[in-house]
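Notes to accompany the following structure.
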Amino acid sequence: MADFGSFQDGIYAEGLLAKHRRFPYTFDDLEARAQQVLDPATFDYVRGGAGDETTQDVNVSELRRYGFVPRMLRDRSVRDLSTTFLGAELEAPVVLCPVGVNGLVHEGGDLAVARAADALGVAAMYSTLAEATLEEVADARGDSFAAFQLYPTKDDQLTDSLVRRADKAGFDALTITLDTGSLGWRPRDLRNGYIPFLRGRCLANYLSDPRFIELCGVDSPPPLHAGIVWSSLFSKPTFSWDDVARIRRTTDLPIILKGICHAEDARRAAAEGVDAIACSNHGGRQANGGLPAIGHLESVLEAGLPTTFDSGIRDGVDVLRAVGLGATLAGVGRPYVYGLAIGGQEGVEHVVRSMLAEADLTMAADCLTTLADLHVVKR
């Protein structure tokens, strides 16, 4: 089993030689450094949430109302953070969330994230929106667990084409995002007048798809042309359980439904033969005014499906909070994206290693040796 906590040993050893690593160790510092290297519109796109960002903020604050009950006088010399998800054995309960602008945050960012996931041995979900094609991402992720995240389009032929490509490329699962039937009200992006996809960026999966090219009407659509066609097709507001069933018939890949928060929806997912749930409110990016996502996890888990959780995860302690409350994997988004902005693949690896080290050392301090030992209560 991995000794994640030993990551800090090398840092302290370098300190004895007056050497200091170039990456920060806290979320706030990561965000501040990322703001220094990103152009304002891209930073706002990553940083921003819907409306006045209350839901985005309360996701974080509510999660931190949960804490651990330590156990003492137990051998904590070895900790095991391993888990199993959809048949895959993973050394850590972490999944990198799909982010559509990784290729803008850092040149080659989509592939850098995939290579980092491979180096770290962690699971990841990869966005439909990307500067690299899903086939290139599938190659870069090596043997790591990879789910292709799908935004269902208005054109079912295009949606099904993307699904078939993901299957053929060897992805381990298909994650269908449910809460993006339309883009949310995001004042930061409105202030900048900025949606990168309208400018033809991060559309590699569309521009490499024969059905999308057919819908464009030209073999090599210029960026604005591609952006306009993408905008007309991007989301399907009528997407329903019937569409999930159609996609189920299209592929044998395990299906994860992302955005489930209501117990009834979770039960329906189980009844429909869905394989897993991602309990999430999109980090507060899509809809303001919602309850904090962590408040939904308990009722979603009652459906009995393997469940990942994201929205508000900022550090290794948050990972343990989510897992201690029943999630199989904790989804990491902004922290690793800020690491990517600062230092590409190396930055992503630093952020995730730091989070896992903090999780491991927190368990050691509390004499908890496996994830099953976590006892989380709300204060």
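Within the assembled protein chains, the solvent-accessible surface assigned to residue 261 is about 30 Å², based on a 1.4 Å probe.
Along each principal axis, taking the top coordinate minus the bottom one, the Cα set of the chain gives 68, 51, 40 Å in descending order. Per residue, the chain exposes 42 Å² of solvent-accessible protein surface, assessed with a 1.4 angstrom probe and all protein chains in place.
Please state, as a whole number in µm²/s, the translational diffusion coefficient that the Stokes-Einstein equation yields for region 267-357 at 4 °C and 1.567 mPa s, with Rh defined as the Kirkwood radius across alpha carbon pairs.
D, rounded to a whole number, is 92 µm²/s.
Give me the percent relative contact order of region 1-110, please, defined on Cα pairs under 8 angstrom at least 6 residues apart. Working shown, then result.
Working: 42 pairs, mean separation 30.4, N = 110.
RCO, region 1-110: 28 percent.
Of all aspartates and glutamates in the structure, those lying under 15 Å Cα to Cα from residue 168, and not within fewer than 8 positions of it along the same chain, are 135, 136, 139, 160, 209, 252. Here the Gaussian network model covers the chain, with springs between Cα atoms less than 10 Å apart; of 345, 35, 157, 157 fluctuates the most.
Principal-axis analysis of the Cα atoms of the chain puts helix 54-63 at an angle of about 30° to the longest axis. Here region 162-216 exposes an accessible surface that is 54 percent carbon and sulfur, computed with a 1.4 Å probe and the other protein chains kept in place.
Quick one: pull the percent of accessible area on region 328-379 belonging to carbon and sulfur, 1.4 Å probe, ligands and nucleic acids left out. Provide the component values of the computation, followed by the final result.
On the way: 750 of 1520 Å².
Of the solvent-accessible surface of region 328-379, carbon and sulfur hold 49 percent.
If I take every Cα pair under 8 Å that is 6 or more residues apart in the chain, average their sequence separation and divide by the length, what percent do I get for the relative contact order? Once divided by the residue count of the chain, the mean separation gives 27 percent. With the cut-off at under 17 Å, measuring from each backbone N in region 138-170 to a point 7 Å along the Cα-to-Cβ line of residue 214 picks out 153-166.
Counting only protein heavy atoms and using a 1.4 Å probe, the accessible area of residue 189 comes to about 10 Å². Estimated from helices alone, the mean residue ellipticity of the chain at 222 nm is -13000 deg cm²/dmol (sum of -39500 (n - 2.57) over DSSP H runs with n ≥ 4, per residue).
Helix 241-250 axis versus longest C-alpha principal axis of the chain: approximately 90°, rounded to the nearest ten. Residue by residue, region 207-219 carries 3J(HN,Hα) couplings of 5, 9, 9, x, 5, 5, 4, 4, 5, 5, x, 9, 5 Hz when phi is fed to the Karplus relation 6.51 cos²θ - 1.76 cosθ + 1.60 (θ = phi - 60°); x denotes Gly or Pro. Axis of helix 109-120 versus longest Cα principal axis of the chain: the two differ by about 40°, to the nearest ten degrees. Take every pair of alpha-carbon atoms less than 8 Å apart whose residues are at least six positions apart; their mean separation over the length of region 268-314 yields a relative contact order of 52 percent.
The values are calculated or read from the model by the stated rules, or taken from the named source; none is laboratory data. This one's a predicted model, so the numbers in the text were calculated from it and none came from an experiment. Cβ atoms come from the backbone with ideal geometry, glycine included; neighbour counts cover every protein chain shown. These accessible areas exclude ligands, DNA and RNA; they are computed on the full protein's heavy atoms, side chains included. Shrake-Rupley method; radii C 1.70, N 1.55, O 1.52, S 1.80 Å.
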